[in-house]
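All of the numbers you see were taken from the coordinates with simple rules; none came from a lab. These figures come from a predicted structure and were not determined experimentally.
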Amino acid sequence: MKVYELLAPLGIAAYTALAIAFLTGLLKFQFHVKWVNLKWHIWAGVLAMILASLHLAIFIYSNF
């Protein structure tokens with residue numbers, strides 16, 4: 001497997017984690033849903049940042 005083949009799956013995973021972070025934040029803070037844990041929101045945001053950073057690093061690596 002070549003490293004640039006990870007570009008699309010990492011981008012999709014980053015957007016999915018970002019959407020999960022957005023939705024958990026919206027449910028927790030806007031609609032005050034009690035079963036949504038704040039840890040889920042924080043972990044989804046951290047995961048989105050890590051995946052997006054890996055996506056960017058592979059993009060920069062594969063274009064140089």
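Suppose we look only past 13 Å in the calculated P(r) of the chain. What percent of the Cα-Cα pairs does that tail hold?
Details: 1256 of 2016 pairs.
Distances greater than 13 Å cover 62 percent of the Cα pairs.
Mean separation of Cα pairs under 8 Å and 6+ residues apart, divided by the residue count of the chain: what relative contact order is that in percent?
Values: 54 pairs, mean separation 31.0, N = 64.
Reported relative contact order: 48 percent.
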